[in-house]
Structures are given as structure tokens and as C-alpha cells.
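S.K.: One structure, as C-alpha cells, below. Some questions next.
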Amino acid sequence: MAVIILSSKKLSYKWLRFPVTGIVELDQQHQELLDRMNTLRDYLTRGQAAPEEVQERLHALHTLFSNHFEEENQRMQAHDYPGFTTHFEAHQAFLNGPILHTITDPHGQEGYDLGALVEWEASHISRFDRPMAEFLLARGEKSV
Ligand SMILES: [Fe+2]
Ligand SMILES: [Fe+2]
């Protein structure tokens, strides 16, 4: 068990307009991802998070993101989406990058930057998922 020390950084909230993409299966996944992030936030702010449990939740989120990206990648490829490569690379960079990992500061204090995760998801949806969905829907991808 570990006691949580809240970061001194300004706390902020973001919300996303739904439907995010208008493609129902993808938006169900976006909803699930956001629900998990909110649950993780609640768990962390409750104040008695176990480091192993945080790791497990981050691992589960990694799997969920990976499956979701796979679904988007397949849909983009199926419709020869011209932005496929950059979108695919953004997914890979996220999966292989530091965002779903805890961090340890120079004093050896472990923590997790949930803000970075939320920022990434909100910005990815605006920059990549929405333009992709616009293209796919115009190509006849079902919205419901
Ligand atoms: Fe997405
Ligand atoms: Fe995406």
C-alpha cells in the first residue's frame, strides 16, 4: 500500500464531445477507455493505491489500447485511408512509449502522470481519430 501525494501541478479536467467519431464500435471502445482512465483516477485519488495494483491497471489499459488501435488500423487499411501510416505510427509510438508507465523522480519517488495520458488521448482523438472517421464514414463505413 502506498499513500498518494498529489502533484502540485494544477489539476485540470477535459471532456470529450460524444460521439467521438460517429462509428459506433469505435466509440464504444473510446468510452470504455475513458471509463477506465476515470476509474484509475478515482483509485489513485482515493489515497491508498497499491503500486502493484497501479501496474496491473496500466497493463490492462495497454491491452485495451492495443486492441482498439488494431481495430482502427484494420478499418483504415480496408478503406485505403491516405493518413494510415502517420496514424498507425502514432499508435505504435504510444504503445512503445512511456505514457502507460509509472515514473520515478530524481529522489526515488514513484508516481504516475495521469494527466499525460488524458492529454494524449484527447489530442489523438482530435488530430487522428476524427479525421479518420470523417473519411471512413464518407467511404460508407456504417455509423450505427
Ligand atoms: Fe481511437
Ligand atoms: Fe487512433
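The values are calculated or read from the model by the stated rules, or taken from the named source; none is laboratory data. A quick note: this is a predicted structure, and the numbers were derived from the prediction, not measured. Here the Cβ is made from the backbone with ideal geometry for all residues, glycine too, and neighbour counts use every protein chain on show.
S.K.: Condition (residue is more than 14 Å from ligand 1 (Cβ to nearest atom), part of a helix (DSSP H, G or I) and out of contact with any Phe, Trp or Tyr (no Cβ under 7 Å at 6 or more places or on another chain)) applied to the range 68-77: is it met by at least one residue?
M.R.: no
S.K.: To continue, here is another question. Name the one entry in Ile125, Ile103, Ile99 that is of a type in the set (Val, Ile, Thr) and more than 13 Å from the chain's Cα centre (by Cα).
M.R.: Within the list Ile125, Ile103, Ile99, the selection yields Ile103.
S.K.: Next question. Looking at (1) farther than 22 Å from Leu40 by Cα; (2) assigned to a helix (DSSP H, G or I), which one does Glu121 not meet, given that it meets all the others?
M.R.: Glu121 satisfies every listed condition except (1).
S.K.: Just checking, how many residues over the range 2-28 are in a loop (DSSP other than H, G, I, E, B), at pLDDT 80 or above and among the aliphatic types (A, V, I, L, M)?
M.R.: So the count comes out to 3.
S.K.: Does Thr39 satisfy the condition of being under 14 Å from the mean Cα position of the chain (by Cα), β-branched (Val, Ile, Thr) and modelled with pLDDT of 95 or more?
M.R.: no
S.K.: Within the range 123-144, take every residue that is basic (Lys, Arg) and surrounded by 12 or more Cβ atoms within 10 Å (Cβ to Cβ) and give me the one that is farthest from Val20 (Cα to Cα).
M.R.: Going through the qualifying residues, I end up with Arg139.
S.K.: Mind checking which pairs have a first residue in the range 27-44 that is without any contact (Cβ under 8 Å) to a residue 40 or more places away in the chain and a second that is surrounded by fewer than 17 Cβ atoms within 10 Å (Cβ to Cβ), Cβ under 7 Å, 6 or more apart or different chains?
M.R.: If the second residue must be surrounded by fewer than 17 Cβ atoms within 10 Å (Cβ to Cβ), the pairs left are Asp27/Phe18; Asp27/Pro19; Glu32/Leu64; Arg36/Leu64.
S.K.: Going by the conditions given, is Ala133 out of contact with any helix residue (DSSP H, G or I) (no Cβ under 8 Å at 6 or more places or on another chain), within 14 Å of ligand 1 (Cβ to nearest atom), of a type in the set (A, V, I, L, M) and closer than 21 Å to Val24 by Cβ?
M.R.: no
S.K.: Which of the residues belonging to the range 96-132 are among the aliphatic types (A, V, I, L, M) and within 11 Å of ligand 2 (Cβ to nearest atom)?
M.R.: Selection gives Ile125, Met132.
S.K.: Go through the range 87-117 residue by residue and tally those that are within 14 Å of ligand 1 (Cβ to nearest atom) and either among the β-branched types (Val, Ile, Thr) or surrounded by 15 or more Cβ atoms within 10 Å (Cβ to Cβ) (or both).
M.R.: Qualifying residue count, the range 87-117: 6.
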